[in-house]
Structure formats: C-alpha cells, structure tokens
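Here's the structure we're looking at; comments come further down.
The values are calculated or read from the model by the stated rules, or taken from the named source; none is laboratory data. Just so it is clear, the structure is predicted and the values come from calculations on it, not from any experiment. Here the Cβ is made from the backbone with ideal geometry for all residues, glycine too, and neighbour counts use every protein chain on show. Ligands, DNA and RNA are excluded from the accessible area calculation, which covers all protein heavy atoms including side chains. Shrake-Rupley method; radii C 1.70, N 1.55, O 1.52, S 1.80 Å.
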Amino acid sequence: MTQPTPARLPSSHPDPSHPAAARTTTFAPRLAALLREHRGKDVFRLEPDTIGVAGHELADRILSARRATEVERPTFKPLQGRSIPPSEAALVMRTVGRDVREALKRPRPGNIDLSGPWPHTGHVFLRDLILGGDPYRLRILMSRNLELTTKLTWSVIAAGAALPRPLRARPGHELTALARRTAEAGNYQDRRYAMGMYRRAAAPVCFTVSTLVANALWLGSPFDPSVPNRNILYEAMRLLPPSWNMLRNASPEYPELDPAIGAGDDILVLPLLSQRDPALWEHPDEFRPERWDALDPDTAPGYLAFGHGSERCWGRHAVMPLAELLLDLLRNEGLAVSPKQRSAKVPLAGLLGVDEVQVTREGHCRSRCRPLSNGGLHRAFSPCRCSRTGDE
C-alpha cells in the first residue's frame, strides 16, 4: 500500500505581503491524513480498536468521565516499573516550578546569540538558563539525542548514578531544587530513580517551550510589535499544538457517551483537529493572534493546549513565562525566520512542531525596527545601527 501524499499547507499568515506568507508547511503523511479526512467530524474510527474524537462536546464528556490513569499521563507514567503516586508528582511539579521562578528572577543573560536552528537553539538556552548550575551528569539528561531510544537514556542514567563522586554545583552556582533530590538519594537505586525523574520533569519543559517558540516563529515572524507575546503563543498552540493528541484507554464509561464507541475501544482525543475546526474558528487555518483579544484559552471550545479543565497541564505555569521570555529576547534582537527558508516539515512525533527553523537577522534590522505589513522596516527607534552600517 502506498503512503498518502504529505499535506503541503501554504502559509497560514493572512497578509500575503508578510514574509511568513511565503512559507509552506509539510505534515507527515499520517498527520496529513487526519487533517484531510477527519477535520470537522466529531467521532470516527481510526483503527479496529481505536476511535478518534475531534468534536469538542464529546471530547469534553470523555475527558470529564474519569481522570487519566498513570499509564495515560504524559509525564508521570511509571518509572522503571515503579508507580509515581499523585503526591510525589505534585511535589516534583512544585520543585520544577520553583527552579523556573528562580531562573526568571535572575538578570536576563547578555550577549546571547539565539540565531541558528530552532528548536535546538532555544532548548540549549533554556537548559543553561534553568539548570546551568547542575553538574554535567544531570545536564546531559536534557540532550535531545536521548530521544532516540529508551535504552540509550537509561544507559546514561545508570552511568551517572554509578559515579562515586557526590553531586556538586558548578563553580559560582547552586544546585537546582530538582538536582538536590538526586544529591540526597542514599544509594544507587535511589539515585537512578531520581535521575530518571530529573529527566522526566525538566526535559519536557525545555522541549515544549523551545518547540512552541519555534512554531510561533515559523507561523508569524517577524511579529507586529503591537501584538502581545501571549496572543502569539496561544495562536501558535492552536495551529500546531505541541500536545496534539490525548490517549484514553478503553473504559466502561465511554460506550455510554456515544454509540460509535465500543467496549474495547481506546480513545484518541485530537486537539490537532478540534483547534482547526471550521465550526469553532473563524479562518481556522490562518495565524491570527489578535483573535485572543476576545478569547479565553481556558474556556474557548475545542482549545486544549493546556489540557482539559478537569486536569490542566502541570507545566503550564512554567511553560508560558519561559516562552514569553524567549519571544521577548528574539523580538528585541530583531530575529526572525531566515527569508531563504520557504518550507518546513512537521514530523509524526509525540511533541508536534516544525523540525528545523533557521532563525537569523538576515533581512531584518539588528536593532528594534518594526516590520511593516509589506515586509519592509520602519525605523521606530533612534539612533538605528542599520541607518549607519547598512546592516539590514
């Protein structure tokens, strides 16, 4: 059987003269098939034992019917066969939140070059911002290369847990609260578990934020200076939701909610579809951050960027401040997607996003010049370096 042709979606930017209007997004075949065949449908069969749900009312009933089990939770699944009770998950959530707040209190780093391939560049910046004082054996757990196989991840964790030297902060720094959990572990098995939890808790924050900001850059940069960061991020999460599906295993509550659902059917709730549903969104495929002037992300029908109201995303209060900080840094430096890049791919992965966005100052003033609707630059601040050097 031949694979379906990937969907090549033209730019979602409503202004045809904006630089983003020249960009095309290519979705992986299975994602393309979902968008092509099932958008606008409430419920449909995906596999012999799996039902897809994109209708916001049915999704609400399904997600309200019961809480996610430990194997359905995206972060706090059992770790090496050991269950993570809600009390421990809540404690780890608070610990990560504390480390993020401490990082945000520190002065913004200077002389940081955020140009280059995204989301990798943003991920490295966030790792060093939040976890920069932690020893190498912990910071290496943030590597995207560990996503290749679970065996590789646990090999690195096992090696780090076996090192006899105690965990110490790098010179001039302090250990994060999350790292102290590992430092306080009394034996090899406890250190191994604590290091696994370190990756489970910290890596998703760095991965998610850097992917979200990369998506936003691809969809709309350079941004109108009057548009707030929050609107940009909410809209990027609508069009390219990092958490694009929510799995619920077969459960006796579900067949009662819709006759299409059988007793043995797993459920895949799909924000990827509900957040582009033409019945819910005006101009559903267009990047229009101004729509969030009148919308609340907690109550907008079909919008599940932060999970369902019954179980909001635990990392929300860490993700948004960090994403806003990154966008501030990028916008203040005049960084945007390279005008040479006209296409990007969205692979089939658990974290949905464009796989590589080239971010440069090329074609954009190095100072805080405002992009005009025709793609030109308005020298809104004076003096402007580009007026002296021609560096545009």
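Quick notes on this one:
- Qualifying residue in the range 106-123 (condition: in a helix (DSSP H, G or I) and either loosely packed, with under 12 Cβ neighbours inside 10 Å or without any contact (Cβ under 8 Å) to a residue 12 or more places away in the chain (or both)): no
- Qualifying residue in the range 150-160 (condition: in contact (Cβ under 8 Å) with a residue 12 or more places away in the chain, at negative phi and either open to solvent by 90 Å² or more (accessible area, probe 1.4 Å) or outside any helix (DSSP H, G or I) (or both)): no
- For the range 252-268, the tally of residues that are in contact (Cβ under 8 Å) with a residue 40 or more places away in the chain, closer than 13 Å to Arg61 by Cα and of a type outside the set (A, V, I, L, M) stands at 3.
- Flag for Leu257 being of a type in the set (A, V, I, L, M, F, W, C) and open to solvent by 20 Å² or more (accessible area, probe 1.4 Å): yes
- When the range 351-368 is filtered for residues that are open to solvent by 70 Å² or more (accessible area, probe 1.4 Å) and at pLDDT below 90, the ones remaining, listed by number, are Glu362, Arg366, Arg368.
- Among residues of the range 307-322, those that are modelled with pLDDT of 70 or more and small (Gly, Ala, Ser), counted: 2
- Test: residue in the range 74-82 that is at negative phi, within 20 Å of the chain's Cα centre (by Cα) and among the hydrophobic types (A, V, I, L, M, F, W, C): yes
- Meets criteria (assigned to a loop (DSSP other than H, G, I, E, B) and either over 22 Å from the mean Cα position of the chain (by Cα) or closer than 23 Å to Thr208 by Cα (or both)) for Arg127: no
- Among the residues listed as Thr176, Thr182, Thr211, the single one being more than 23 Å from the chain's Cα centre (by Cα), surrounded by 15 or more Cβ atoms within 10 Å (Cβ to Cβ) and of a type in the set (S, T, N, Q): Thr182
- Taking the criterion of being open to solvent by less than 30 Å² (accessible area, probe 1.4 Å), part of a helix (DSSP H, G or I) and not charged (D, E, K, R), the residues of the range 185-208 that qualify are Tyr193, Ala194, Met195, Gly196, Met197, Tyr198, Ala201, Ala202, Ala203, Val205, Cys206, Phe207.
- Among the residues of the range 47-81, those identified as surrounded by fewer than 18 Cβ atoms within 10 Å (Cβ to Cβ), part of a helix (DSSP H, G or I) and of a type in the set (Gly, Ala, Ser) are Ser64, Ala65.
Residues are listed down the side, and each one gets a yes or a no for (1) loosely packed, with under 14 Cβ neighbours inside 10 Å; (2) touching a Ser or Thr at 6+ places or on another chain (Cβ under 7 Å); (3) at pLDDT below 95:
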| residue | (1), (2), (3) |
| --- | --- |
| Leu240 | no, no, no |
| Gly264 | yes, no, no |
| Leu273 | no, no, no |
| Trp281 | no, no, no |
| Arg288 | no, no, no |
| Pro297 | no, no, yes |
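- Check on Arg82, out of contact with any Ser or Thr (no Cβ under 7 Å at 6 or more places or on another chain) and within 17 Å of Gly196 (Cα to Cα): yes
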